[in-house]
């Protein structure tokens, strides 16, 4: 199929903001960093029940050794990305403020591969779901929802939506995945379509990634399911990669408030998630390393880098040349939706895709002042909410009106707070309102 | 490394600030100010200067007395002062202008909670206050380029004896006729309006719908030439571009803006055609300001993925 036929006609969405792309690292091939001296692998790197460590202090572990698992259905096993000796099992605080156990490993630098790894044999739907679970795959877009649960909804599914929009500024990790592992991306989609019996897949990509679109289309042409594969090229306006918008762009269906993509017949997977499935099927190596974009105004040499899951932020930043100015903010994830970290001693998670260090100028752009009701937040909201009204209703704690305002629809994309000239903390307002309504 | 900031996302934001927006409005008002000095002489500069400094000082002092953070830095008081000055005749005694500024800033703005909390446009209330208190000095018009007192505004002359004594269209465009300092020069106001729209400070919806409504009704009421004079005179452009678009007192969403602007247009037309005043822009905007919260509630946008109640019931 020609590239032209594969690309679906564009769909318009309302709202959103034009953010500087700042994709400084788009052309930087991913480098592998030297093995850090120590890593800390958190036992809760997903939404759901945390894992229970199955190693103890003094145990020797290899690359791919199981470190923790859980017998709960909504959970995802955790593996070691390094070889070495378990030095302790401690408590750490996650970016979300939740405490969890972490297995701390002193590495030996050998990167010995675990000899018990096996390539999965796929024959049925259950085989694929088991493989995805054993792989330890969680939603790599940042949410960290266990993938084997997501791939097994009760509702009938007719479209697999692949989220490759990568609309956050700075981050290029998904883009590099598409360029460097295009074959794995297509194979991963193929496995899902084949074993879950889904008729078609739509990849949603922003139009600032023409190379990736062309490459994926070329590889899809050689595949024997070529005509079940479509590309949706969307204008590069934040937040095209938000799940509800991605589904709307790919299928024209609107997910009702409080519902999931499966309710409108879709499964949404991040592009790196599907290629991870393909890599696991091909090699049997579970998810133990991540491609990260390291960037920001305080970083000496921004780059894309492969890091073992559990590497400390400071080691990753040291590999990127260290700080050129004193950092004022360190962000795990993108600048629009990522978490600001209290220090750089935090380990990398499976779902991490970027580490940004911002200098003083970038971290404190302006002072907060009173709302002048300019209405920019209303125009920017992709969910058609009215953040300025919500703030007023939250102030008086009016639960009924907050519900009418549709606050549960908010996906915390940050467009309202981004455009606010008065720098109001509108995302916090939305989060608090959601908590009241729930 | 122990001084990292932890805050909610997003961690970057757009460049515009309240101050930069107000600065844009001030820049957009400069051409009209230059036109005022050119038409009515240097006294207009004095009057503008008096209004602006009185407004800023009033804001500074009321912030101090009310023990609030000093907000003069956001330049909104400068905008209020400028707008009030543009709505005054050039011959007005300076102390009256000071009084108008103080009422606008202290009574309308600061006593209701400062920037973003006033429910009507402060400059307009300042003008209405002066109009009702000092009717004669507020309606004593000077002809441009002279010191001759008592030149009727085009609207007053149209109300009195039709199209017999109106100035030429060219004079209307450059502002060569009696009126408030900042409202006469159409060209300067339009330049300011285009600047604000190009900078995306205001949306074209309010000015276009406001002027459009007046145009359509006046076309039916008195024909093409009558309509043109109605649009080009009497503060309609100053009001539609700079006063009706005030963020705080106009609806935030597009549908609301259209309803609000059409409402402004209709009230202006009714006052001009049926009221006992030749001018009606200030009152119409103030009335619609008061209705703004209700317009906003009635025109609230439907959140993404929300179904209308009828559809929801049908689905059940």
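Summary table below
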item: Answer from A:104, A:74, A:55, A:85 - the residue that is farther than 14 Å from residue A:137 by Cα and assigned to a loop (DSSP other than H, G, I, E, B); result: A:55
item: Single match in A:336, A:349, A:332 (criterion: away from chain B (no Cβ under 11 Å) and touching a residue at least 40 places away in the same chain (Cβ under 8 Å)); result: A:349
item: Selected residue [touching a residue at least 24 places away in the same chain (Cβ under 8 Å) and more than 7 Å from chain B (Cβ to nearest Cβ)] from A:376, A:431, A:384, A:401; result: A:376
item: Odd one out for residue A:129, checked against (1) free of Cβ contacts under 8 Å to residues at least 40 places away in the same chain; (2) surrounded by 21 or more Cβ atoms within 10 Å (Cβ to Cβ); result: (2)
item: Residue match in segment B:233-251 (condition: at pLDDT 90 or above and surrounded by fewer than 20 Cβ atoms within 10 Å (Cβ to Cβ)); result: no
item: Identity of the residue in segment A:139-166, in contact with a helix residue (DSSP H, G or I) (Cβ under 9 Å, 6 or more places away or on another chain) and closer than 22 Å to residue A:335 by Cβ, that ends up farthest from the other protein chains (Cβ to nearest Cβ); result: A:164
item: Of residues in segment A:244-261 being within 12 Å of chain B (Cβ to nearest Cβ) and in a helix (DSSP H, G or I), the one nearest to residue A:153 (Cα to Cα); result: A:261
item: Complete set of residues in segment A:316-327 that are outside any strand (DSSP E or B), crowded, with 19+ Cβ neighbours inside 10 Å and either within 12 Å of another protein chain (Cβ to nearest Cβ) or at pLDDT below 90 (or both); result: A:317, A:327
item: Pair list, Cβ < 6 Å and 6+ apart or interchain, from segment B:280-307 residues that are at the interface with chain A (Cβ under 7 Å from one of its Cβ atoms) to residues that are surrounded by 19 or more Cβ atoms within 10 Å (Cβ to Cβ) and not in a loop (DSSP other than H, G, I, E, B); result: B:303/A:409
item: Segment A:328-341, residues that are assigned to a loop (DSSP other than H, G, I, E, B) and touching a helix residue (DSSP H, G or I) at 6+ places or on another chain (Cβ under 8 Å); result: A:328, A:336
item: Counted residues, segment A:404-416 - those being surrounded by 23 or more Cβ atoms within 10 Å (Cβ to Cβ) and over 14 Å from residue A:389 (Cα atoms); result: 3
item: Residue that is farthest from the other protein chains (Cβ to nearest Cβ) [pool: residues in segment A:418-427 that are over 21 Å from the mean Cα position of the chain (by Cα) and outside any loop (DSSP other than H, G, I, E, B)]; result: A:426
item: Selection status of residue A:220, outside any loop (DSSP other than H, G, I, E, B), touching a strand residue (DSSP E or B) at 6+ places or on another chain (Cβ under 9 Å), crowded, with 22+ Cβ neighbours inside 10 Å and at pLDDT below 90; result: yes
item: Selection count where residues are surrounded by fewer than 20 Cβ atoms within 10 Å (Cβ to Cβ) and in contact with a strand residue (DSSP E or B) (Cβ under 9 Å, 6 or more places away or on another chain), scope segment A:34-49; result: 4
item: Single match in B:78, B:90, B:37 (criterion: more than 14 Å from chain A (Cβ to nearest Cβ) and either within 30 Å of residue A:335 (Cβ to Cβ) or touching a strand residue (DSSP E or B) at 6+ places or on another chain (Cβ under 9 Å) (or both)); result: B:90
item: Residue list for segment A:404-415, restricted to those being part of a helix (DSSP H, G or I) and either touching a residue at least 40 places away in the same chain (Cβ under 8 Å) or more than 10 Å from chain B (Cβ to nearest Cβ) (or both); result: A:408, A:409, A:415
item: Test: residue in segment A:60-73 that is closer than 29 Å to residue A:299 by Cβ, at pLDDT below 95, touching a strand residue (DSSP E or B) at 6+ places or on another chain (Cβ under 6 Å) and crowded, with 19+ Cβ neighbours inside 10 Å; result: yes
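The values are calculated or read from the model by the stated rules, or taken from the named source; none is laboratory data. Everything numeric here is computed off the predicted structure, so don't read it as measured data. Glycine also receives a Cβ, built like all others from the backbone with ideal geometry; neighbour counts cover every protein chain displayed.
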